[in-house]
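Student: Sharing a structure, written as structure tokens. Questions coming.
The values are calculated or read from the model by the stated rules, or taken from the named source; none is laboratory data. Just so it is clear, the structure is predicted and the values come from calculations on it, not from any experiment. No Cβ is skipped: glycine too gets one built from the backbone with ideal geometry, and neighbour counts run over all protein chains shown. Ligands, DNA and RNA are stripped out before the accessible areas are found, and what is left, the full protein with its side chains, is counted by its heavy atoms. Shrake-Rupley method; radii C 1.70, N 1.55, O 1.52, S 1.80 Å.
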Amino acid sequence: MGTTWSTIGGVLAVSLGVTVLVVVMFSLGVAAWARGGAGAPSHGDRWGRTDRVATAAAVACFAACLAVAGYGIDLIIPG
């Protein structure tokens, strides 16, 4: 039984890439959430277009992170 180093390197590269992608997406989500006012208008102000876009971007980033985590759990736990 031999070790296929290219396969191990490929798994390492993919897992490192996905990890970096999830960290970047989560960081962008936190930044967008803060820019959007954390989901609520402040002191009776009306929501502007940029607030809604930032909040939607944050939700999309968090949803992408959740999808990647769910897919990873699905790979680990069969059935």
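Student: Order Ile76, Ile8 by their accessible area, 1.4 angstrom probe, all chains in place, largest first.
Tutor: Order by accessible area, largest first: Ile76, Ile8.
Student: Let me check something: with ligands and nucleic acids excluded, how do Asp51, Asp74 order by accessible area (1.4 Å probe), largest to smallest?
Tutor: Asp74, Asp51
Student: I'd like the FRET efficiency for Val59 and Val18, computed as 1/(1 + (r/R0)^6) with the beta carbon distance as r and R0 of 30 Å, rounded to 0.05.
Tutor: My answer for the efficiency is 0.90.
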